[in-house]
Amino acid sequence: MTNIPTELLRTLIAVVDLRSFTKAAHCLGVTQPAVSAQIKRLQMLLGSELLDKSAPGVTLTATGELVVSYARRLLQINDQILHLAGPRAAVRTLRLGIAGDFASPALTWVLSGLRTQWPDIGFEISNAPSERLLHDLRSGELDLIVTMSETKSEPDARFQWTEELVWVRGASTRLDANAPVPLASCGEGCAHQRLAVATLEKVGRSYRIVLTAPSLAEVTSAVAAGFGVTALSRGRIAGADLIICDDRVLPKLPDIVCSIYLREGGDRDALESLADALAENFQARHAPAPAPAPFREVALAAAGPLGEAPVSLGLRASAT
């Protein structure tokens, strides 16, 4: 019984699909004479002409049409067998630690874009205070972290930028200059709350915690509903339910420092691509602050609201 080598069928399909012996040779990584020889050998095995020499370009004969149809099905089954029987690529998991309001819809756009480029990557996301995230990164329990802090980043941060903090309230909230400030927050581990409390105490303004919630989304929803005030990055205020408080009512808040760190080693290509994309997305509505060496900077184009469009993963940081 005659067996047809699959490489001959692949060559035929390449010639037909590309409509050129030269292009097929380039695609298959062989010479044009080699392609011609394989087509000739296939025709000899089948005992029939597959290409119509009297027609211009690459034109199949009636037999050729049938052979190509069956060849596609045969090669598809061949590839499925190899896929099922062969070793499967292991799923790699990147462990991310996210602080503050970075755990937002914008993050999912970034991860979705990365999976397009690295389909065998999975993600584990945890949320914790920045100090805990740095500890877990140093101990190798996390691969990448995004932190918020009242102080400058550590020297090994890949990216650093600052964001302006402002007081926000709901439309129905009225503040009394003589009454304690009603404060809603994510708890003592939240850099926003620490800065808010420190700012109030610095000017001798009394306050009381009226709400503590596990996530910033819950805090902002409560504030919009009238549960006092909270501190929030100006560029992340979304919707008409939150109003920036007048600085004459509450003391001005200091800026907050945001940073991205990578674990030493690991899957550097994927980690660096993710870090670059996160920096581009999170800084899209903030002017990046100058960073001293060895920090890296990102040049950003104008961007729309966070989370409204997928981000590009083509950005690369340049060493300063």
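The values are calculated or read from the model by the stated rules, or taken from the named source; none is laboratory data. Source: prediction; values computed, not measured. As a convention, Cβ positions derive from the backbone with ideal geometry for all residues, glycine included, and neighbour counts pool all protein chains shown.
Some values worked out for this structure:
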| read-out | value |
| --- | --- |
| Residue satisfying all of: in region 42-97; of a type in the set (D, E, K, R) and modelled with pLDDT under 90; farthest from ARG10 (Cα to Cα) among these | ARG92 |
| GLY113 farther than 20 Å from LEU253 by Cβ, among the small types (Gly, Ala, Ser) and in contact with a Lys or Arg (Cβ under 7 Å, 6 or more places away or on another chain) | no |
| Residue in region 24-37 that is of a type outside the set (A, V, I, L, M, F, W, C) and under 30 Å from ASP269 (Cα atoms) present | yes |
| Residue match in region 175-198 (condition: free of Cβ contacts under 8 Å to residues at least 12 places away in the same chain and of a type in the set (Lys, Arg)) | no |
| GLY187 being surrounded by fewer than 16 Cβ atoms within 10 Å (Cβ to Cβ) and in the same structural domain as ARG205 (by TED's automatic domain parsing) | yes |
| Answer residue from region 211-255, given it is more than 20 Å from GLU150 (Cβ to Cβ) and in a helix (DSSP H, G or I) and is modelled with the lowest pLDDT among those | ALA217 |
| Positions within region 191-208 being crowded, with 16+ Cβ neighbours inside 10 Å, more than 13 Å from TRP167 (Cα to Cα) and either in the same structural domain as LYS152 (by TED's automatic domain parsing) or over 26 Å from the mean Cα position of the chain (by Cα) (or both), in sequence order | ARG194, TYR207 |
| Hits in region 27-47 (condition: within 41 Å of the chain's Cα centre (by Cα) and surrounded by 15 or more Cβ atoms within 10 Å (Cβ to Cβ)) | CYS27, LEU28, VAL30 |
| Cβ pairs under 8 Å, 6+ apart, first in region 112-131 and over 16 Å from PHE102 (Cα atoms), second of a type in the set (S, T, N, Q) and surrounded by fewer than 17 Cβ atoms within 10 Å (Cβ to Cβ) | GLY113/SER312; ILE121/THR93; GLY122/THR93 |
| Restricting region 2-22 to residues that are surrounded by fewer than 16 Cβ atoms within 10 Å (Cβ to Cβ) and without any contact (Cβ under 8 Å) to a residue 24 or more places away in the chain, the residue that is nearest to GLU65 (Cα to Cα) | ASP17 |
| In region 151-180, the residues that are touching a Leu at 6+ places or on another chain (Cβ under 6 Å) and either of a type in the set (A, V, I, L, M, F, W, C) or surrounded by fewer than 14 Cβ atoms within 10 Å (Cβ to Cβ) (or both) | LEU165, TRP167, VAL168 |
